[in-house]
Ligand code: VGL
Ligand code: ZN
């Protein structure tokens, strides 16, 4: 059994002061760093959107947090966030990025959002992470990071569907919790067979 830690989107824009701030997002950084040495591999994800991304409310002249129908299904429209190369897209300054074996970026396709570390929101286009984990013989994953109800949730559900043993450490996640999204996410993860602790 080879066990990877996957740290989801611990980036400035998801921390207090950021464009899509998640309350308490910065509180999880030190405890995440402290866990890294316990794993066979450490993987970080980085939300990485081009300016004018289709998940941005400004792109559609719509209100942030409104929902539109995209060809792949409903899409929440977010404030502009995690624009490639910006300070908001950078990892939190205290995150131990040097400990990462692998950094996987997602959301770079202008037409499709990508909450999950495994597939874009069409649930079809792969990011390549599955191949990376499989070729390294990793079968067990512990996930944490931001935000519980979006990128952590989608990543955990996809990982479980792909056959990995998946644990989500909710104490080391923080949620956006918009319109019941946190409760729905916990349900979805449990239904998919994720160990939500
Ligand atoms: C996320 C909304 C938009 C996340 C990313 O990291 O959970 N949420 N982009
Ligand atoms: Zn995003």
- Query: Packing-wise, with mean Cβ within 10 Å as the measure, how do 33-41, 168-176 rank, highest first?
  - Reply: 168-176, 33-41
- Given a cut-off of under 8 Å on Cα pairs at least six residues apart, what relative contact order in percent is computed for the chain? 24 percent
- Taking each pair of different alpha-carbon atoms in the chain once, compute 1/r for the pair, average those values, and report the inverse of that mean as the Kirkwood hydrodynamic radius in Å to one decimal. 16.5 Å
- Item | Whole-Å distance, taken between Cα centres, linking the stretch 35-72 and the stretch 169-188 | 16 Å
- Largest first and to the nearest Å, give the Cα extent of the stretch 64-143 along each principal axis. 38, 31, 20
- Query: For 135, 142, what ranking results if the residue with the fewest other Cβ atoms within 10 Å of its Cβ goes first?
  - Reply: 135, 142
- Query: Where both residues lie in the stretch 55-183, what percent of DSSP beta bridges are antiparallel, nearest 5?
  - Reply: 40 percent
- Note on the structure: 1/(1 + (r/R0)^6) with r = Cβ-Cβ of residue 111 and residue 136, R0 = 25 Å, i.e. FRET efficiency to nearest 0.05, evaluates to 0.25
- Hey, what number do you get for the chain at 222 nm if only DSSP H runs of n ≥ 4 count, each worth -39500 (n - 2.57), divided across all residues, to the nearest 500? -5000 deg cm²/dmol
- Item | Nearest 10 degrees, 0 to 90: helix 181-191 Cα axis against the chain principal axis | 40 degrees
- Message: I need the calculated FRET efficiency for the pair residue 61 and residue 3, taking r as the beta carbon distance and R₀ as 30 Å, to the nearest 0.05.
- Response: 0.05
- Item | Prolate/oblate/rounded label for the stretch 95-197 (Cα gyration tensor, a/c 1.5) | rounded
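Relative contact order for the stretch 83-197 using alpha-carbon pairs under 8 Å, separation at least 6, rounded to a whole percent?
Once normalised by length, the contact order is 20 percent.
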- Message: Can you tell me the mean projection area, over all orientations, of the convex hull of the stretch 15-111's alpha carbons? Units nm², please.
- Response: 7.2 nm²
- Query: What FRET efficiency do you get for residue 99 and residue 69 if R0 is 45 Å and r is their Cβ-Cβ distance, rounded to the nearest 0.05?
  - Reply: 0.65
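Computed from the coordinates by the stated procedures, all read-outs in this text should not be read as laboratory data. All of these numbers come straight from a predicted model, not from anything done at the bench. Note that we place each Cβ from the backbone using ideal geometry, even for glycine, and neighbour counts take in every protein chain shown.
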